[in-house]
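Read through the structure below, which is laid out as structure tokens, and then see the notes.
The values are calculated or read from the model by the stated rules, or taken from the named source; none is laboratory data. Because the structure is a prediction, the values reported are computed rather than measured. Here the Cβ positions follow ideal geometry from the backbone for every residue, glycine too, while neighbour counts run over all protein chains shown. For accessibility, only protein heavy atoms count, side chains too; no ligands or nucleic acids. Shrake-Rupley method; radii C 1.70, N 1.55, O 1.52, S 1.80 Å.
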Amino acid sequence: MSAQSEPLVLFAKAARVYPKRVWGRFRKLKWGAMVALLGVYYLAPFLRWDRGPHVPDQAILIDMPARRAYFFMFEIWPQEVYILTGLLVFSAIALFFVTSLFGRVWCGYACPQTVWTDLFVWVERLVQGDRTKRMRLAKAPWSLEKLGKLTLTHMLWLVIGLFTGGAWVLYFNDAPTLIEQALDGAIPWSVGVWILALTFSTYFMAGFARENVCTYYCPYSRFQSAMFDRDSLVIGYDTARGEPRGKHKAGDSWDERGDCIDCHQCVDVCPMGIDIRDGLQMQCIACGLCIDACDSIMDKVDRPRGLVRYDTTANQDARAEGRPEPSTLVRGRTLYYAAILAVVGGLILVGLLGRTEHSLHVLHDRNPLFVTLADGTVRNGYEVNILNKTHGDADYQLRVEGLPGAEMRLRTAGQEHSGDISVFANSVGHFRLFITAPKGRTDRHDFDIVLSDADGQVIDRYTTKFVTGDGR
Amino acid sequence: MSTTDRDEMSGAETTGHEWDGIKELNLPAPRWWLIVFLLTVIWGVGYMVVYPAWPTLSGEGNRGGTPGTAGWSSYSELSDSQQEIMTRRAAYLADFREASYDDILADPGLFEFARAGGGAAFKDNCATCHGTGGAGAPGYPNLNDDAWIWGGTHADIEASIAYGIRSAHGETRVSQMPAFGDLLSAEEISAVTGHVLSLGGGDSSTPLGAQIFSEQCALCHGEAGHGNRDLGAPNLADAIWLYGGTAGEISTQIRSPRHGQMPAWSGRLDADTIRQLTIFVHSLGGGEGAEDSGGSAR
């Protein structure tokens, strides 16, 4: 090693990307997706859904203090949180399924990182101008104009971030009430913390981190290689048609050269800052903006569109060799993703349709396990919880099955009850249950506690045990 | 003065120290680190002014240290948090003090307040002897069952807790059984043990045993052995035995009875806590209504 060798640096600072404005069909699709998705995000908390009295009327609401989640006609209690888990699994498989059909459309059009970054770039362009102007401004020495433009940009970003965080908390609180509180400046501190956290994470992620999130943070882009095959729809540069590339003057012949005029437009518009002509890259989020850029140039030089386009690697190779294009949407990969999706979706549906509105849970006392009474009989204690998930008060009957001759004492708070009890709407009724086995019954015994409605129709049963000292 | 010596490999400055041709590099902490360190020193000085920091020789008043300008101390923090608990309890306490036991049973809010407070106090004060679940142990009564030596109504339980059993309190419940080992022969004790065992059902009674029981025991425990709560004489006909129910355990208790003690809790616990404890113990499952009180026959 030479004496002058520089210290080894393993970290390359990411160059700032200044995406250029572009017009075209995929850009239009992206604008449409952005408006639709942001519209849903910001407006969905204001949808109302009448569920009757004493229950929130917000269509989509996760009520943390009350431990309830509402989604239109569905309502989830903490015991049913597996449905939310199922929904997450479903979403993940759906993502894989869509990827196997159309490639990284999620990344290019629907991912919040893409959508908010797109919005932030739009703001940046509105204030500072297009790519070259922005680059010049970044290099320019500090001036009042630069300060003003940068301040305005960052202020607008922060305002967008504030609305992002502001909309997020609406999903966890009654939206109109919270907005009233916010206007009075009296929001709970927990809500304020969430708003601030999301304001600054949006500001950081969409304002600064941008494409680095996709390249370095995002696990989904990292395991693309495991999901891609030669039939995956990707954005491809038609090397056979484009090369050899080179500048082209109007009137020159197109013979003996490729269609790529090396105008660099596809690179300038790329939000990831890559050159699509280098082939498929991990960074490519398949947003299609380079296709728009290239198509508009091809129109100008009067060559056919599609030098850069959505295509599969298999099709590209087949075309280059003059074979028919083999890729179809129906493949093993798409089929088994569809099958898994159907199974998970079916399970969620079964969970939702099989949801009980009343249920019984019993916990046998552990300390003491049993109590010997003065007359020699043995008593066991139980905590009984009855879930009334309906929106009306409900009457129940509770009885013991499989322990003949057992005596039952039921208590709520300080009051003794017969087996007839009631539980308020949308709540859990807590009861204390004492069961005394008949004299002479000293074995350990499994039995059922049966919950029925006021008419005696059995709703739920819970198998628990009766413990005695001798039965151990 | 002299030009600084630099290491060839890394280009870093050396300290000039050299051992066997190996030079020590001078790699000071980064500037930002130094600045942060100095800031923490400044912060620390401020902290010593604002908060209690330095021990002083005078222990009184400032609790043995400089008080700090903020007036904060862990003592004041503790009393503040205790004050906060008292404030929260106060919402219920006013009603709780006025309510009779029947009123409390009828009011779910008050009942839960009393039961929760009583449960916490029970674990702090009573669980040592009676167990966390109140199931007791030999010599320490099980509070879940329906056998009560001194009575199981709310009033009985409150008196037992407040004044204790054989405690130093003037109102204490007290009972003492003579040590019959000094008064009866071994055969007589054996005979009376047989009679005691037969009270709950059984045929171990002998004429001698019945006679001795009638002469010596029935005065307190009753002819049928049903006990007497006014005297604190346990029911001998039921299935509950404080010191065990085998012939050996019973004859031991006849020969030289053990007498457990329970401290009086009035004075240690406030009246509200004792009432909460009463509700809690009564709710364990064996509590008696007012109509059951005194009734030892069942």
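Numerical summary
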read-out: Among the residues listed as A:ILE340, A:ILE297, the single one being farther than 30 Å from A:ILE435 by Cβ, in contact with a Cys (Cβ under 8 Å, 6 or more places away or on another chain), part of a helix (DSSP H, G or I) and at pLDDT 90 or above; value: A:ILE297
read-out: Test: residue in the stretch A:246-266 that is in a helix (DSSP H, G or I), in contact with a helix residue (DSSP H, G or I) (Cβ under 7 Å, 6 or more places away or on another chain) and assigned by TED's automatic domain parsing to the domain that holds A:THR114; value: yes
read-out: Residue in the stretch A:167-204 that is most open to solvent (accessible area, probe 1.4 Å), counting only those that are within 16 Å of A:ASP63 (Cα to Cα) and within 19 Å of the chain's Cα centre (by Cα); value: A:TRP194
read-out: Number of positions in the stretch A:384-393 that are open to solvent by 10 Å² or more (accessible area, probe 1.4 Å) and part of a strand (DSSP E or B); value: 1
read-out: Residue that is surrounded by the most Cβ atoms within 10 Å (Cβ to Cβ), among those in the stretch B:106-145 that are assigned to a helix (DSSP H, G or I), touching a residue at least 60 places away in the same chain (Cβ under 8 Å) and at the interface with chain A (Cβ under 9 Å from one of its Cβ atoms); value: B:ALA114
read-out: Those residues of the stretch A:28-52 which are surrounded by 11 or more Cβ atoms within 10 Å (Cβ to Cβ) and part of a loop (DSSP other than H, G, I, E, B), in sequence order; value: A:LEU47, A:TRP49, A:ARG51, A:GLY52
read-out: A:THR153 being out of contact with any Ser or Thr (no Cβ under 8 Å at 6 or more places or on another chain), open to solvent by less than 40 Å² (accessible area, probe 1.4 Å) and either touching a residue at least 60 places away in the same chain (Cβ under 8 Å) or not hydroxyl-bearing (Ser, Thr, Tyr) (or both); value: no
read-out: Wholly enclosed strands (runs of 3 or more DSSP E) of the stretch A:406-472 bearing at least 1 residues hydrophobic (A, V, I, L, M, F, W, C) and surrounded by 13 or more Cβ atoms within 10 Å (Cβ to Cβ); value: A:407-412, A:420-423, A:427-436, A:445-453, A:458-466
read-out: Positions within the stretch A:341-383 being of a type in the set (Val, Ile, Thr), in contact (Cβ under 8 Å) with a residue 12 or more places away in the chain and either away from chain B (no Cβ under 14 Å) or open to solvent by 70 Å² or more (accessible area, probe 1.4 Å) (or both), in sequence order; value: A:VAL344, A:ILE348, A:THR356, A:VAL362
read-out: Selection count, the stretch B:75-105, where residues are within 14 Å of chain A (Cβ to nearest Cβ), surrounded by 10 or more Cβ atoms within 10 Å (Cβ to Cβ) and not charged (D, E, K, R); value: 6
read-out: Cβ pairs under 7 Å, 6+ apart, first in the stretch A:166-186 and modelled with pLDDT under 90, second among the small types (Gly, Ala, Ser); value: none
read-out: Residue in the stretch A:290-324 that is farthest from the chain's Cα centre (by Cα), counting only those that are more than 20 Å from A:ILE276 (Cβ to Cβ) and open to solvent by 70 Å² or more (accessible area, probe 1.4 Å); value: A:ASP302
read-out: Residues (in a loop (DSSP other than H, G, I, E, B) and under 20 Å from the mean Cα position of the chain (by Cα)) located in the stretch B:156-179; value: B:GLY164, B:ARG166, B:SER167, B:ALA168, B:HIS169, B:THR172
read-out: Lone qualifier among B:LEU105, B:LEU78, B:LEU38 - being aliphatic (A, V, I, L, M) and closer than 30 Å to A:ARG411 by Cα; value: B:LEU105
read-out: Number of the condition not met by B:TRP72 [criteria: (1) open to solvent by less than 80 Å² (accessible area, probe 1.4 Å); (2) farther than 30 Å from A:HIS417 by Cβ]; value: (1)
read-out: Residue under evaluation B:ARG88, criteria (1) of a type in the set (D, E, K, R); (2) touching a residue at least 12 places away in the same chain (Cβ under 8 Å); (3) within 30 Å of B:ALA120 (Cα to Cα), criterion not met; value: (2)
read-out: Residue check, B:GLY64 on the phi > 0 side of the Ramachandran plot and touching a strand residue (DSSP E or B) at 6+ places or on another chain (Cβ under 7 Å); value: yes
